[in-house]
Amino acid sequence: MKDVFKLLLPAPLRELIRKAVLRGDTVHCPVCDRGAIAYLPSGSPPRPHVLCPFCGSRERARMAWLFLKERKVLRAGLRVLHVAPERCLSERLTSLPAVKYTAGDKFTPGYDYPPGTIDLDITAMPFAADSFDLIMCSHVLEHVPDDRGAMKELFRVLAPGGMAILMVPIALERAATDEDPSLTDPQERIKRFGQFDHVRLYGRDYVDRLRAVGFEVIEDAMTERMDAASVFRFGLLRSEVVHAGIKR
Ligand SMILES: [Zn+2]
């Protein structure tokens, strides 16, 4: 049946129908500000209640965006550095009036990057000090062997008064970060760090590393001050915490 639709209807029309069918009021995506009948399942194995059917946002992008809106960070003329850019957020950021937007990622052969993205090593960035008012760098540092070097660089290019969103997976039951640079076997990394290309599993001392390079750290477990209905409606994960670094 699916194949018949594919043959008979051109892709843009299929997309229109899909969006019309999914429009609703059960959930509301804070990123694209649209209501839907549900978030779609995603991941392997698939988890339910993950993907916004309209902008493709996932839980942590929605949480980061809510955080930025709540703290009134988003404004005209913002200079933004978006590392490993999530498409849904890049669409919103680039539509801010007079925004100066730079997107960068460490290019890996075989992967596609949004147009305009530059190949970027965050431990040695080609930007002057104090260049950005907002840095988005979520779920990146757990992949970077020299994360302290990366934190130093992120702090350097952030302008005084600016904010860096630096979310990472954290095992909150652990006091200390678990890392072992000699561990390169993908299966062993999955077992110990949670994903084949993670080089560590952060513990509660993550904030100390950020403070050590100069950041003032905001740690916000946003879902703890929300009712269950809002957590469901915005499609957030209770295990996710926003970590943001401020440069004074
Ligand atoms: Zn959305």
Within the stretch 189-203, work out how many residues are in a helix (DSSP H, G or I) and among the acidic types (D, E).
0
Quick check on my filter: what residues within the stretch 181-210 are at pLDDT 95 or above and of a type in the set (S, T, Y)?
Y202, Y206
Starting from residues that are touching a Gly at 6+ places or on another chain (Cβ under 9 Å) and among the hydrophobic types (A, V, I, L, M, F, W, C), keep the ones in the stretch 211-245 and report whichever is nearest to G161 (Cα to Cα).
F215
Criterion (aliphatic (A, V, I, L, M) and more than 26 Å from E219 (Cβ to Cβ)) met by exactly one of I122, I118
I118
Which one is surrounded by the fewest Cβ atoms within 10 Å (Cβ to Cβ), of the residues in the stretch 161-183 that are more than 29 Å from K72 (Cβ to Cβ) and small (G, A, S)?
S182
Among R209, R238, R200, which is touching a residue at least 60 places away in the same chain (Cβ under 8 Å) and among the charged types (D, E, K, R)?
R209
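The rows are residues; the columns are (1) surrounded by fewer than 16 Cβ atoms within 10 Å (Cβ to Cβ); (2) outside any helix (DSSP H, G or I); (3) free of Cβ contacts under 8 Å to residues at least 24 places away in the same chain; (4) in the same structural domain as G203 (by TED's automatic domain parsing).
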residue	(1), (2), (3), (4)
W65	no, no, no, yes
V80	no, yes, no, yes
E91	no, no, no, yes
P97	yes, yes, yes, yes
A124	yes, yes, no, yes
E153	no, no, no, yes
A159	yes, yes, no, yes
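Results for (1) within 16 Å of the ligand (Cβ to nearest atom); (2) hydroxyl-bearing (S, T, Y); (3) assigned to a loop (DSSP other than H, G, I, E, B), shown as yes or no for each residue.
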| site | (1), (2), (3) |
| --- | --- |
| D3 | no, no, no |
| K6 | no, no, no |
| P12 | no, no, no |
| R18 | yes, no, no |
| D25 | yes, no, no |
| S44 | no, yes, yes |
| V50 | yes, no, no |
| C55 | yes, no, yes |
| A61 | yes, no, no |
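The values are calculated or read from the model by the stated rules, or taken from the named source; none is laboratory data. None of the values given here were measured: they were computed from a predicted structure. Cβ: placed from backbone, ideal geometry, glycine included. Neighbour counts: every protein chain shown.
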